[in-house]
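Undergrad: The following block contains the structure, expressed as structure tokens.
The values are calculated or read from the model by the stated rules, or taken from the named source; none is laboratory data. Since the model is a prediction, treat every value here as computed from it, not as a measurement. Positions of Cβ are generated from backbone atoms using ideal geometry, with glycine treated the same way; all protein chains shown enter the neighbour counts.
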Amino acid sequence: MKWDKLVKDFSNYIPQSDWIQTVLVASTLIAILLFIQWIIARLVLWITNRILVLIGYKEWDAIFTKRKVYQNIWYAVPFFVISTGVEFIPHIDGVVELIRRVAYSGLWICLFIALAGILDSFQDIHSISIKAKNRSIKGYIQIGKLFLFIICTVLVLSILIGRSLLWMISGLGALSAVLLLVFKDTLLSLVASTQLITNDMLRIGDWIQMPQSNADGFVRDIALHTVKVQNLDNTVTTIPTYKLFSESYRNNRQMFESGGRRIKRTLLIDASSIRFLNFKDYQELNRFELLHDYIQKKTFHFQKVDNNLGVSSHDSSTDKYLLTNIGMFRAYALAYLREHPELRKDMMMMVRMMEPSSNGIPIEIYCFTALTALIEHERIQGDIFDHFLAILPELKLRLYQRPSGSEFSEILQPISRVYLENHLNDE
């Protein structure tokens, strides 16, 4: 009786106007909403911070704040209060259901955005770890966010139109052909990204070469749909992820991991400069320590062959086995490479003669440097070929070079001078 009397007395102070009662109750609901949001904000922040500190993940707290995870959870509180308290507002029976559906939709949207922020937080934490140098999880994060977006969209639509979630999913099944067409690139990128990361086919920092896409540089980002390559000229090439799975490209990671970078370059020797070596040449070349053992070994071997053929060592016949200056160069070059301190001795090393052509006789130098960095590799390669180019005249060899206009002018200048002198004398 006392409670009924108290309620009756309190109702006497409430205005009887419908719109005033509606505004009054709505204002009370908003005040309660703001108070609950403030309590939840402080409580969630404090509890989460304490838990993360206790388990040793204090940096997660700053990442969650950066990605607005807490903020989106706080935004969800007002929608929850509205959805549960809207029925207490009088005189709005016609729009209560609509307000409740919109509030539920806003609640789920805020929660799914908070979950997407948590996924982004995983990406941020992984990007500063050591594992990020070898493997990127950005593709997986984007796949997770895509699934969250699809689930959130279906759930919100089912709430707004008042249909069950199963009914919405069955409706999507009927539109599967359209969805496959719309999300074709996404599905291809999903499979490609998963295969690239799972099979360790591509890592951030890999130097790849893909001429058909004008890509020649280092991988800077691996996402679900695209891979960004910073070229050596500091431009950036964006390649669709599925292309790296369906088309061929060159990955130079193994070269860096092996510790040896290849040198493969040819010197074109003028064929007219090749000749046999005589006794005087042997004496001159013996001053090269790298050729001393080679000359002795070959001389002994050729003398043995000449004796078996019945050719005297004093015979000037061309049937004798004689060393050539180009063969001497190959021996010198190989010995030089073997003694070079910055070349890998445990990898392939050879100096070979290629098929002669109209541009001369190619001598190919094939070896591996012990330093794989581009600048150091080019320095070593330049030093080696500087030395080889300088040693060619010592062996009476010439590098093949196509004649230029200046050489023709030097030849024609004396002829033209004589012609002019004769013409003036005749006059």
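Undergrad: From the set of residues in the stretch 86-112 that are buried (at least 18 other Cβ atoms within 10 Å of the Cβ) and more than 21 Å from ILE151 (Cα to Cα), which is modelled with the lowest pLDDT?
TA: Residue satisfying both the conditions and the ranking: ILE89.
Undergrad: Just to be sure I understand the filter: pairs with C-beta atoms under 6 Å, separated by 6 or more residues or on different chains, first member in the stretch 236-257 and over 17 Å from SER189 (Cβ atoms), second member at pLDDT 90 or above and among the aromatic types (Phe, Trp, Tyr). Which pairs pass?
TA: Correct list of pairs: ASN252/TRP207.
Undergrad: Hey, GLN142 hits all of (1) modelled with pLDDT of 85 or more; (2) at negative phi but one; which does it fall short on?
TA: (1)
Undergrad: OK, next. Within the stretch 243-262, can you find the residues that are part of a helix (DSSP H, G or I), surrounded by 15 or more Cβ atoms within 10 Å (Cβ to Cβ) and aromatic (Phe, Trp, Tyr)?
TA: PHE245, the sole residue that qualifies.
Undergrad: Could you look through the stretch 222-242, keep only residues that are outside any loop (DSSP other than H, G, I, E, B) and of a type in the set (S, T, N, Q), and pick out the one that is nearest to ARG352 (Cα to Cα)? Give the steps one after another, and end with the answer.
TA: Initially, the stretch 222-242 is screened for residues outside any loop (DSSP other than H, G, I, E, B), giving 222, 226-231, 236-242.
Checking which are of a type in the set (S, T, N, Q) leaves us with 226, 230-231, 237-238, 241.
On the way: THR226: 44, GLN230: 36, ASN231: 34, THR237: 38, THR238: 41, THR241: 41 Å.
Among those that are outside any loop (DSSP other than H, G, I, E, B) and of a type in the set (S, T, N, Q), it is ASN231.
Undergrad: It is to be established whether one or more residues within the stretch 372-382 are over 13 Å from ILE269 (Cβ atoms), among the acidic types (Asp, Glu), in contact with a helix residue (DSSP H, G or I) (Cβ under 6 Å, 6 or more places away or on another chain) and surrounded by 13 or more Cβ atoms within 10 Å (Cβ to Cβ).
TA: Just the residues of the stretch 372-382 that are over 13 Å from ILE269 (Cβ atoms), to begin with: 372-382.
Next, only the ones that are among the acidic types (Asp, Glu) stay: 376, 378.
After this cut, where a residue has to be in contact with a helix residue (DSSP H, G or I) (Cβ under 6 Å, 6 or more places away or on another chain) as well, the list is none.
Among the residues of the stretch 372-382, not one is over 13 Å from ILE269 (Cβ atoms), among the acidic types (Asp, Glu), in contact with a helix residue (DSSP H, G or I) (Cβ under 6 Å, 6 or more places away or on another chain) and surrounded by 13 or more Cβ atoms within 10 Å (Cβ to Cβ), which makes the answer no.
Undergrad: For the stretch 183-212, name all the residues that are among the polar types (S, T, N, Q) and either loosely packed, with under 14 Cβ neighbours inside 10 Å or touching an Asp or Glu at 6+ places or on another chain (Cβ under 6 Å) (or both).
TA: Those that are among the polar types (S, T, N, Q) and either loosely packed, with under 14 Cβ neighbours inside 10 Å or touching an Asp or Glu at 6+ places or on another chain (Cβ under 6 Å) (or both): THR198, ASN199, GLN209, GLN212.
Undergrad: Something else: Exactly one of (1) modelled with pLDDT of 80 or more; (2) closer than 27 Å to VAL96 by Cα; (3) not polar (S, T, N, Q) is unmet by MET168. Its number?
TA: Here MET168 meets the rest and fails (1).
Undergrad: Shifting gears a bit: Taking the stretch 213-242 as the search range and keeping residues that are of a type in the set (Asp, Glu) and farther than 19 Å from THR198 by Cβ, which one is surrounded by the most Cβ atoms within 10 Å (Cβ to Cβ)?
TA: It comes out as ASP216.
Undergrad: Still on this structure, I have one more. Mind listing just one residue for me: the one in the stretch 324-344 that is loosely packed, with under 13 Cβ neighbours inside 10 Å and not acidic (Asp, Glu) and, of those, farthest from PHE276 (Cα to Cα)?
TA: Across the stretch 324-344, the extreme among qualifying residues is PRO341.
Undergrad: Which one of LEU148, LEU107, LEU160, LEU119 is in contact with a Gly (Cβ under 6 Å, 6 or more places away or on another chain) and at negative phi?
TA: So the residue among LEU148, LEU107, LEU160, LEU119 that is in contact with a Gly (Cβ under 6 Å, 6 or more places away or on another chain) and at negative phi is LEU119.
Undergrad: Quick check on GLU364: is it assigned to a strand (DSSP E or B), surrounded by 11 or more Cβ atoms within 10 Å (Cβ to Cβ) and of a type outside the set (A, V, I, L, M, F, W, C)?
TA: So GLU364 fits the description; yes.
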